[in-house]
1. Show the residue pairs meeting these rules: Cβ distance below 7 Å; 6+ apart or different chains; first residue within the stretch 49-71 and at negative phi and of a type in the set (Lys, Arg); second residue in a helix (DSSP H, G or I) and open to solvent by 10 Å² or more (accessible area, probe 1.4 Å).
2. Kindly indicate the residue of the stretch 191-202 that is open to solvent by 10 Å² or more (accessible area, probe 1.4 Å) and aliphatic (A, V, I, L, M) and also farthest from Leu237 (Cα to Cα) among those meeting that condition.
3. Output the strands (runs of 3 or more DSSP E) that fall wholly within the stretch 93-190 and possess 2 or more residues being open to solvent by 60 Å² or more (accessible area, probe 1.4 Å) and under 30 Å from Thr246 (Cβ atoms), or say none.
4. Pairs, please: C-beta under 9 Å, at least 6 apart or cross-chain, first residue more than 15 Å from Pro235 (Cβ to Cβ) and in the stretch 203-214, second exposed (fewer than 13 other Cβ atoms within 10 Å of the Cβ) and of a type in the set (A, V, I, L, M)?
5. For the stretch 19-38, state whether one or more residues are on the phi > 0 side of the Ramachandran plot and either among the aliphatic types (A, V, I, L, M) or modelled with pLDDT under 95 (or both).
6. State all residues of the stretch 41-86 that are in contact with a Gly (Cβ under 6 Å, 6 or more places away or on another chain), open to solvent by 20 Å² or more (accessible area, probe 1.4 Å) and closer than 25 Å to Asp160 by Cβ; if no residue qualifies, say none.
7. Any chance the stretch 247-258 includes a residue that's under 20 Å from Leu30 (Cα atoms), out of contact with any Lys or Arg (no Cβ under 6 Å at 6 or more places or on another chain) and surrounded by fewer than 21 Cβ atoms within 10 Å (Cβ to Cβ)?
Amino acid sequence: MIASVRPPAVAGSFYPADPDVLRDQVDQFLAQAPAPAPGAARPGALIVPHAGYVYSGSTAALAYRLVAGACVDKVVLVGPTHRVAVRGVALPTVHAFATPLGTMRVWPGAQNALADVPWVVVHAATHRDEHAVEVQLPFLQQVLGDVDIVPLNAGAATADQVADVIEALWDSPDTLVVISSDLSHYLPYDEARTRDEATLAQVMALDGQLDHQQACGATPVNGMLEVARRRGLVPRLLGACSSGDTAGDRARVVGYCAVAFDGDGS
């Protein structure tokens, strides 16, 4: 019998397992992030990091602060596969994802919306222990409340294939797309900053030719950049740093960024 709710896999390691501590930590990150300009339209899509909150939570909050309280009916979340590889783009088998803050329903229309996309698969194992999507959920719960999600793991897939999946789900201005990716991994601090600056220049130019040395989530990022080209979205860099700036040493760092894509995606 397939479980209907995916339990949290990285609560207590990537982020606090205690709901009160978790809620307070997320709220503190959000409070420290700049508020959107009065009257500003919310972004249509975001790129956010997925490391432990002590490392990248402050960067993720730069993006999530911009969508706090927005009118969103579903969030399409696309992350990479760190643990179980998959060919194509994978939906989960469960009907909800749990965090210490409660459960989030998987949008029930997802399979029908993706029925004609041949590289979409339903794959329980790739979602079971994957953190890239999971670490986004407490932020979403705090800024959007009870919102449906479409959790996707992008494995062996082209930018066009990932873009087609996002397009099939982005059927309303009330859809928010969230791409989960860190940048370079385990380089010395200065080398990482140079590489990440070059990577972000490509992102700002919508040059979707990133490799996995530049970003562990290169596959979903490249797909998002293709969607941005198709829909005329404009990328905006909200901030970037590395673990050497937050909670780690500078000998081997991981890079992070927050990017917003402005435009309604229509």
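The values are calculated or read from the model by the stated rules, or taken from the named source; none is laboratory data. Just so we're clear, the structure is a prediction, and the values are computed from it rather than from any experiment. In this analysis, Cβ positions are derived from the backbone assuming ideal geometry, glycine residues included, and neighbour counts consider all displayed protein chains. These area figures cover heavy atoms from the full protein model, side chains too; ligands, DNA and RNA do not enter into them. Shrake-Rupley method; radii C 1.70, N 1.55, O 1.52, S 1.80 Å.
1. Here the result reads Arg65/Leu30, each pair linking the stretch 49-71 to a residue that is in a helix (DSSP H, G or I) and open to solvent by 10 Å² or more (accessible area, probe 1.4 Å).
2. Here the residue is Ala198.
3. 185-187
4. Filtered contacts from the stretch 203-214: Gln214/Ala198.
5. No, the stretch 19-38 contains no residue that is on the phi > 0 side of the Ramachandran plot and either among the aliphatic types (A, V, I, L, M) or modelled with pLDDT under 95 (or both).
6. Scanning the stretch 41-86 gives Thr81, Ala85.
7. yes
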